[in-house]
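Inspection log for the structure reproduced underneath, given as structure tokens.
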């Protein structure tokens, strides 16, 4: 199993207050196969980070541990100062694959309004709820699509609608699992622009195989391949990526506008 050489200082910046996400000595295994070993890292309020690594390296397991869907074999996970299960209502999660009935008559606005259900009785829509839902759609560039059937939206628009639902729920932490996996380059650019405009107090954690997206969208990455190490994105060189994945993978440097000679995009 290849490992990434740890950086001497995981916390790239000094932060005040308690971390929003805190992993302390966390290990997890499925049956006899270790997936995560002795993970120690913090994510602070308002940070935007990406989790990267090869298939089977433990990226999705980290998200499930954050959500409280899995319990660590060793160590502890704290989310917003509480156990993940107790804090889950304050977290928005957008999965990579969306299962829904395309014949179910629900609009983009209806989907976003579902984010208000934790504060309202089912079926009740206040003017404040409608205003909040429309504002959330507008932040994701989808106000014009509010009345359109969810099934008619493109893959990128569906992902953006689910992010708007999390915003309407007033999520403090947003977890995105491969948000650009099934979208074209133009949709990826729109999504990235929308995410950059979100509330600076929102903590954003994204799992992505798209290293071009990673290099342009976040200042810090969490590298996962059983072991977990945190690096500033600008230090995620091609050599370090090769150690992480075990083979040659291209990387767009943080301070460049163009793709490198290897092409830049990788969808593992």
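Here, each number is a calculation from the coordinates, and none is a lab measurement. These numbers come from a predicted model, not from an experiment. Positions of Cβ are backbone-derived with ideal geometry, glycine not excepted, and every protein chain shown enters the neighbour counts.
What is region 154-230 by shape, rounded, prolate or oblate, if you read a ≥ b ≥ c off the alpha carbon gyration tensor as root eigenvalues and call it rounded for a/c under 1.5, prolate for a/b larger than b/c, and oblate otherwise?
Numbers: a/c = 1.73, a/b = 1.21, b/c = 1.42.
Oblate, since a/c reaches 1.5 and b/c is not below a/b.
Classify region 93-179 as rounded, prolate or oblate, taking a ≥ b ≥ c as the square roots of the eigenvalues of its Cα gyration tensor: rounded when a/c is under 1.5, otherwise prolate if a/b is larger than b/c and oblate if not. Working shown, then result.
Numbers: a/c = 1.45, a/b = 1.19, b/c = 1.22.
Since a/c stays below 1.5, the shape of region 93-179 is classed as rounded.
As a proxy for reagent exposure, 196, 59 were ordered by neighbouring Cβ count within 10 angstrom, fewest first; the result is 196, 59. Residue exposure proxy: 220, 85, ordered by other Cβ atoms within 10 angstrom of their Cβ from fewest to most, comes out as 85, 220. Look at 29, 127, 158, 88 and count the other Cβ atoms within 10 Å of each Cβ; fewest to most, that gives 127, 29, 88, 158. Model label points for residue 104 and residue 76, set 7 angstrom from Cα along the Cα-to-Cβ axis, are 3.8 nm apart.
Please work out the Cα center distance from region 200-220 to region 108-187, rounded to the nearest Å. A separation of 20 Å, based on Cα centres.
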